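Peer 1: Supplied in structure tokens, the structure appears directly below.
What follows is calculated from the coordinates using simple rules that are stated; it is not laboratory data. None of these values were measured; they are calculated from a predicted model. Don't worry about glycine lacking a Cβ; one is built from the backbone with ideal geometry, like all the others, and counts go over all protein chains shown.
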Amino acid sequence: MAKNPTVNIQIGNQTVAASSVALPETGRTFREAWSLGDQAIEVDMPKARILQKEVIRADRVAAFQTADTDFMRSIEDGNTAAKKKASDYKKKLRAVTDDPRIEEAETATDLSALTLEYLI
């Protein structure tokens, strides 16, 4: 009869048996921000905030492309209202990672809910 192999998790400089610790509510979402607490994996919130901002930055690339297209079309059409709308949206996109709700998030679950779509 074959023995079940032990599944280990690397957390920082430590390796622990996966069965010996509880995973965070967010699952692997902030894997790079994990730290080992007392019998549980904890999420280092400052590191998690940095990771969430990186996700938001990656997600906003496509939004910037669409906004740039809308902005250029508004210039070509001479539509000042559409130009202002596109310009304002681009400003929101630039500022989204400075949204205070990111720093105010107290839990990893709260932080993971702060997506680009939610913040804009």
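Peer 1: Starting from the Cα-Cα distance between SER35 and ASP98, subtract it from 0.36 nm times their residue separation and give me the gain in nm to one decimal.
Peer 2: Full-extension gain reported as 20.2 nm.
Peer 1: Figure the gain on full extension for ASP68 and VAL7 (residue separation times 0.36 nm, minus the Cα-Cα span) and round it to one decimal in nm.
Peer 2: On the way: separation 61, 0.36 × 61 = 21.96 nm, distance 4.75 nm.
Extra length available between ASP68 and VAL7 comes to 17.2 nm.
Peer 1: Find, among the GluC sites (Glu not before Pro) in the stretch 2-95, those assigned to loop by DSSP (not H, G, I, E, B) with at most 14 other beta-carbon atoms within 10 angstrom.
Peer 2: On the way: sites: GLU25, GLU32, GLU42, GLU54, GLU76; in loops: GLU25.
Those satisfying the criteria are GLU25.
Peer 1: Next up: Spelling out what I want: for every residue of the stretch 74-86, take phi, set θ = phi - 60°, compute 6.51 cos²θ - 1.76 cosθ + 1.60 (Karplus), and round to whole Hz; glycine and proline get x.
Peer 2: Whole-Hz 3J(HN,Hα) from phi for the stretch 74-86: 5, 5, 4, 7, x, 8, 5, 5, 5, 5, 5, 4, 5.
Peer 1: Per the helix-only calculation at 222 nm, which mean residue ellipticity applies to the chain, given -39500 (n - 2.57) for every DSSP H run of n ≥ 4 and division by its residues, nearest 500 deg cm²/dmol?
Peer 2: Mean residue ellipticity, 222 nm, calculated: -16500 deg cm²/dmol.
Peer 1: Another question, then. Across the chain, how many lysine pairs, 8 or more positions apart or on different chains, have C-alpha atoms separated by under 16 Å? Please give the number. Let's see the in-between values first.
Peer 2: On the way: LYS53/LYS92; LYS83/LYS91; LYS83/LYS92; LYS84/LYS92.
Count of close lysine pairs: 4.
Peer 1: Taking each pair of distinct Cα atoms in the chain once, what is the resulting Kirkwood hydrodynamic radius in Å? Could the numbers behind the result be given before it?
Peer 2: Numbers: mean 1/r = 0.0587 Å⁻¹.
Evaluated over the chain, this radius sits at 17.0 Å.
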